[in-house]
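Student: Got a structure here, written out as structure tokens. Questions coming.
The values are calculated or read from the model by the stated rules, or taken from the named source; none is laboratory data. Keep in mind the model is a prediction, meaning the values are calculated, not measured. No Cβ is skipped: glycine too gets one built from the backbone with ideal geometry, and neighbour counts run over all protein chains shown. Accessible surface areas use protein heavy atoms only, side chains included; no ligands, DNA or RNA. Shrake-Rupley method; radii C 1.70, N 1.55, O 1.52, S 1.80 Å.
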Amino acid sequence: KRDDNSVMTEMFRTLRNNLLFMIGEKDQNVILVTSTVPKEGKTFISANLAMSLSLMDKTVLMVGGDLRNPQIFSALGFSRWEKGVSSILAGLDEDYKSLVHEVDKNLYILPAGPIPPNPNELLSKPRLKELIETVKKDYDYIIIDSAPLGVVTDTLMLSKYADATLYVVREGYSEKD
């Protein structure tokens with residue numbers, strides 16, 4: 001939240017600043033967030049990192065990259081959106097801008113959309129590359145909240161367009177092995 005100086009907020013500022021130091025380049029602005037299994041905190045990290053970046057007066061687009069189990073809408077207190085990434089990849093919607101929702105100043109969301117019967121095949125379409133290249137031009141940072149890598153291979157399709165990947169593990173939950 002704006003004007004918050006809690007320990008949690010400071011941790012996200014630290015994450016943000018370390019990440020920005022690591023990626024460094026101005027045109028390296030696509031950050032993929034994944035983990036091994038569900039419920040390790042991908043959406044929590046994605047949403048808070050996106051908010052932290054937006055507080056620097058940077059435009060941030062959070063993309064719902066988990067087409068099988070989208071969680072962005074519930075994490076931010078919204079009801080499920082009817083259209084999104086899957087609609088674009090399936091060719092049902094051409095203009096992504098009509099599907100973007102403003103959440104806060106400088107923070108926008110492109111939801112995953114309806115759950116398709118073939119998420120991996122949709123993510124392998126050339127439209128994904130076109131979408132990522134387009135949003136890179138329109139936003140300072142793109143945060144992709146993806147599916148868990150240990151469960152499905154969908155995230156591999158997204159990872160080739162990411163400039164950085166955050167791999168989330170959750171204390172007391174993630175398997176050490």
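Student: How much of the accessible area of the chain, probe 1.4 Å, is carbon plus sulfur, in whole percent? Can you show the working numbers first?
Tutor: Numbers: 4870 of 9580 Å².
Percent of accessible area from carbon and sulfur atoms in the chain: 51.
Student: What fraction of the Cα pairs in segment 126-177, stated in percent, has a spacing above 17 angstrom?
Tutor: 46
Student: Calculate, in nm to one decimal, what residue 140 and residue 80 gain on full extension: separation in residues at 0.36 nm each, minus their alpha carbon distance. Walk me through the intermediate numbers first.
Tutor: Working: separation 60, 0.36 × 60 = 21.60 nm, distance 2.56 nm.
Residue separation times 0.36 nm, minus the Cα-Cα distance, leaves 19.0 nm.
Student: Picking from 38, 9, 59, whose Cα lies most toward the positive end of the charge dipole for segment 1-83 (charges on Cβ: Lys, Arg +1; Asp, Glu -1)?
Tutor: 38
Student: Enumerate by residue number the trypsin sites (Lys or Arg not before Pro) in segment 9-100 meeting two conditions: DSSP loop (anything except H, G, I, E, B), and at most 14 other Cβ atoms within 10 Å of the site's Cβ.
Tutor: 26, 39, 80
Student: Based solely on its DSSP helices, what 222 nm [θ] is calculated for the chain when runs of n ≥ 4 H residues each add -39,500 (n - 2.57) and the sum is averaged over all residues, nearest 500 deg cm²/dmol?
Tutor: -10000 deg cm²/dmol
Student: When only DSSP loop residues count, what GluC sites (Glu not before Pro) in segment 55-147 have their Cβ near at most 16 other Cβ atoms within 10 Å?
Tutor: Answer by residue number: 82, 94.
Student: Now, a different point. Scan the chain and report its longest stretch carrying no chymotrypsin sites (Phe, Trp or Tyr not before Pro) that are both in a DSSP loop and have at most 13 other Cβ atoms within 10 Å. Please report the intermediate quantities before stating the final value.
Tutor: On the way: sites that count: 78, 173.
Here the longest run is 79-172.
Student: Another question about this same structure. In whole angstrom, and with the biggest value first, how far do the Cα coordinates of segment 73-130 range along each principal axis?
Tutor: 32, 21, 15
Student: Using only Cα positions of segment 1-156, each an equal point scatterer, no hydration layer, compute I(q)/I(0) via Debye at q = 0.14 Å⁻¹ and quote the log10 values to two decimals.
Tutor: With one equal scatterer per Cα and no solvent, log10 I(q)/I(0) is -0.66.
Student: OK, next. How large is the Kirkwood hydrodynamic radius of segment 52-93, counting all unique pairs of alpha carbons, in Å? Intermediate values should be presented prior to the final figure.
Tutor: Working: mean 1/r = 0.0838 Å⁻¹.
Across segment 52-93, the inverse of the average 1/r is 11.9 Å.
Student: In debye, nearest 20: dipole of the chain around its Cα centre with unit charges on the Cβ of K, R (+) and D, E (-)?
Tutor: Details: 21 positive and 25 negative charges, 16 e Å.
Here the chain has a charge dipole of around 80 debye.
Student: List, in the order given, every pair from 26/129; 42/105; 105/137; 97/176; 42/125; 125/176 whose Cα-Cα distance in the structure shown is over 29 Å.
Tutor: Correct reply: 97/176; 125/176.
Student: With each pseudo-label sitting 7 Å past Cα toward Cβ, what's the residue 159-residue 104 distance in nm, one decimal?
Tutor: Between residue 159 and residue 104, the simple spin-label model gives 3.0 nm.
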